[in-house]
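The values are calculated or read from the model by the stated rules, or taken from the named source; none is laboratory data. As the structure is a prediction and not an experimental result, all values here were calculated from the model. Quick reminder, even Gly has a Cβ in these numbers, built from the backbone with ideal geometry, and neighbours come from all protein chains shown. Keep in mind that these areas ignore ligands, DNA and RNA; they rest on the heavy atoms of the full protein, side chains included. Shrake-Rupley method; radii C 1.70, N 1.55, O 1.52, S 1.80 Å.
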Amino acid sequence: MPDQPALPTNKAALVAIDLGAESCRVSLLRFVDGQPKMQLVYRFANHAVESVDGLHWNLDSILTGLDEGLLRCADLAPEGIRSIAVDGWAVDYVRLQPDGTPIAAPFCYRDERTIVAESALHERISPDRMRELTGIQLLRLNTAYQMFADDAERRTLPWLNLPEYILHRLGAIPVSERTNASHTQLLGLDGMWCDEILAHLDSTAGAMPQLVFPGTDIGQLTGKLTEFPAFAHTRLIAPCCHDTASAIAAIPDSGDDWAYISSGTWSLVGTLLKQPNNSAKAREENFTNLAGADQSICFHKNVNGMWLLRQCIESWQAEGAKIDLPKLVQQASSVGPLAYTLDVDDPDLLLSGRMPQRINAQLHRRNLPELSPHAHDAPVMAAFIFYSLAHRYAQVLASVSEITGKKFTRLYIMGGGSQNEFLNKLTAEATGLEVCRVGTECSTVGNFAVQLATLEPTHTTAEWAKALESVH
């Protein structure tokens, strides 16, 4: 790794917004007494809401929370705020009316409308052809299937993924940042919007947002926030708008012998490449080639993650149980493995509600002994999930190594799931790799690193990530 960069020449603060499917965070990076100081300023809950026409995000609630977080940042940074950048989960989007306002609350990717849309789109263009054109993992939650589920009138309206919409609302030009664009299944392997897929969606490249690379300055903050002195000269930057790419950008390792797991609602298991790998084996095993920082490729596979346990906890709480997660993990660590594991990627387990019963339904179909679905046996169910996840991680990493030819010695685990030391231990045992925990706020660190590489381009994103390693 090159020498760590000095502090920025401009000591104004930076703001990183990280949109999460369960919570959203507004963080501040200041440079105080010769040292960078990162502070989580405001966190607020987020969840999808069921309505008469499906599962939606409460966009008004998200915007209200972000405004509150930004106002708090202004109070904390009398030196001024130099830039704001936004990352978040991929695939979901906001359809815009001619005046730039949302036509409706955006759908959540877990809405079941894509079940029909996926099969209907595949009648127009085969999944193999979509995979050949994009190099992207086939998932029915991808933006392409969601857009095909929109009615014909809405399909003609402009759209922005959620992070880019937030930036646009703050004053930025409408864009699609490439780490997010690559997750739509609308971007070809040549890095341009894919005309063939768009034609099947009854759209054209001319209707798509302008593509930009991570770290692009896309305008100056406008609106009421600029009445506050701290926001008088604030620039808006598109970081790695996909939170996973942002988290990977925070890994302080310049070697080529490591893999990663972004462990949260989803587990994203893979490695960084210099070029896409859309080989027959990669297509067969449904690996994805997503854009990353500094024109890298995040080659990984979506595996179900802590969603499984969180949904179980919701079911147990509905029974009236009080679940303490750290205590549950500790209790699970005393439960040994069963002779079989769960197929964690069963499509039925991607749906919400009654997760213990869904797990048992799979076991029943496989003629395997079922587990107690009740809260008093929660440690057994939790342990079963953890052993099953570690087993699946090992399978996927073995495939990554085989497909790419890379030999791994280290495995970086980032995100909220990295705090689960029992799962980390099981993963180390299953994979035989040294497990290194990156931290829970790595998307924010990567967001800041990309901003700094844009504002202070004498150093790369990786170098700035190394400089910020000790502050989170």
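The figures follow:
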read-out	value
Test: residue in region 31-48 that is surrounded by fewer than 13 Cβ atoms within 10 Å (Cβ to Cβ), touching a helix residue (DSSP H, G or I) at 6+ places or on another chain (Cβ under 7 Å), assigned to a strand (DSSP E or B) and of a type outside the set (Asp, Glu)	yes
Residue that is in a loop (DSSP other than H, G, I, E, B) and within 25 Å of Ala48 (Cα to Cα), where the choices are Ile323, Ile359	Ile323
Odd one out for Glu314, checked against (1) more than 25 Å from Lys425 (Cα to Cα); (2) crowded, with 20+ Cβ neighbours inside 10 Å	(2)
Filter result for Ala383 (among the small types (Gly, Ala, Ser) and surrounded by 23 or more Cβ atoms within 10 Å (Cβ to Cβ))	yes
Considering residues of region 208-225 that are surrounded by 16 or more Cβ atoms within 10 Å (Cβ to Cβ) and β-branched (Val, Ile, Thr) only, the residue farthest from Arg155 (Cα to Cα)	Thr216
Residue identified as of a type in the set (Ser, Thr, Tyr) and either surrounded by 23 or more Cβ atoms within 10 Å (Cβ to Cβ) or more than 17 Å from the chain's Cα centre (by Cα) (or both) among Thr409, Thr440	Thr409
Failed item in (1) in contact (Cβ under 8 Å) with a residue 60 or more places away in the chain; (2) surrounded by 17 or more Cβ atoms within 10 Å (Cβ to Cβ); (3) hydrophobic (A, V, I, L, M, F, W, C), with Leu63 passing the rest	(2)
Residues located in region 165-177, provided they are charged (D, E, K, R) and either in a strand (DSSP E or B) or within 18 Å of Gly206 (Cβ to Cβ) (or both)	Glu177
Positions within region 340-363 being among the basic types (Lys, Arg) and open to solvent by 70 Å² or more (accessible area, probe 1.4 Å), in sequence order	Arg354
Qualifying residue in region 149-160 (condition: open to solvent by 20 Å² or more (accessible area, probe 1.4 Å), at pLDDT 95 or above, of a type in the set (A, V, I, L, M, F, W, C) and assigned to a helix (DSSP H, G or I))	yes
Residue within region 282-289 that is in contact with a Leu (Cβ under 9 Å, 6 or more places away or on another chain) and among the acidic types (Asp, Glu) present	no
Selection status of Leu28, among the hydrophobic types (A, V, I, L, M, F, W, C) and under 22 Å from the mean Cα position of the chain (by Cα)	yes
Region 11-30, residues that are over 12 Å from Gly69 (Cα atoms) and either open to solvent by 60 Å² or more (accessible area, probe 1.4 Å) or free of Cβ contacts under 8 Å to residues at least 60 places away in the same chain (or both)	Lys11, Glu22, Ser23, Arg30
Checklist (1) under 22 Å from Glu112 (Cβ atoms); (2) modelled with pLDDT of 95 or more applied to Gly353, failing item	(2)
Answer from Phe384, Phe422, Phe408 - the residue that is more than 18 Å from Leu268 (Cα to Cα) and either in contact with a Phe, Trp or Tyr (Cβ under 7 Å, 6 or more places away or on another chain) or assigned to a loop (DSSP other than H, G, I, E, B) (or both)	Phe422
Candidate set: region 386-401, residues that are touching a helix residue (DSSP H, G or I) at 6+ places or on another chain (Cβ under 7 Å) and under 20 Å from Phe287 (Cβ atoms); chosen: the one surrounded by the most Cβ atoms within 10 Å (Cβ to Cβ)	Leu389
Test for Ala232: is it open to solvent by 10 Å² or more (accessible area, probe 1.4 Å) and of a type in the set (A, V, I, L, M)	yes
Enumeration of residues in region 325-339 that are within 13 Å of Ser388 (Cβ to Cβ) and surrounded by 13 or more Cβ atoms within 10 Å (Cβ to Cβ)	Ala332, Val335, Pro337, Leu338
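Listed here are the residues, each with its yes/no results for (1) touching a Gly at 6+ places or on another chain (Cβ under 7 Å); (2) among the hydrophobic types (A, V, I, L, M, F, W, C); (3) surrounded by fewer than 22 Cβ atoms within 10 Å (Cβ to Cβ); (4) not in a strand (DSSP E or B).
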{"site": "Pro252", "(1), (2), (3), (4)": "no, no, yes, yes"}
{"site": "Gly255", "(1), (2), (3), (4)": "no, no, yes, yes"}
{"site": "Ala259", "(1), (2), (3), (4)": "yes, yes, no, no"}
{"site": "Leu268", "(1), (2), (3), (4)": "no, yes, no, no"}
{"site": "Thr271", "(1), (2), (3), (4)": "no, no, no, no"}
{"site": "Asn278", "(1), (2), (3), (4)": "yes, no, yes, yes"}
{"site": "Arg283", "(1), (2), (3), (4)": "no, no, yes, yes"}
{"site": "Asn286", "(1), (2), (3), (4)": "no, no, yes, yes"}
{"site": "Asn289", "(1), (2), (3), (4)": "yes, no, no, no"}
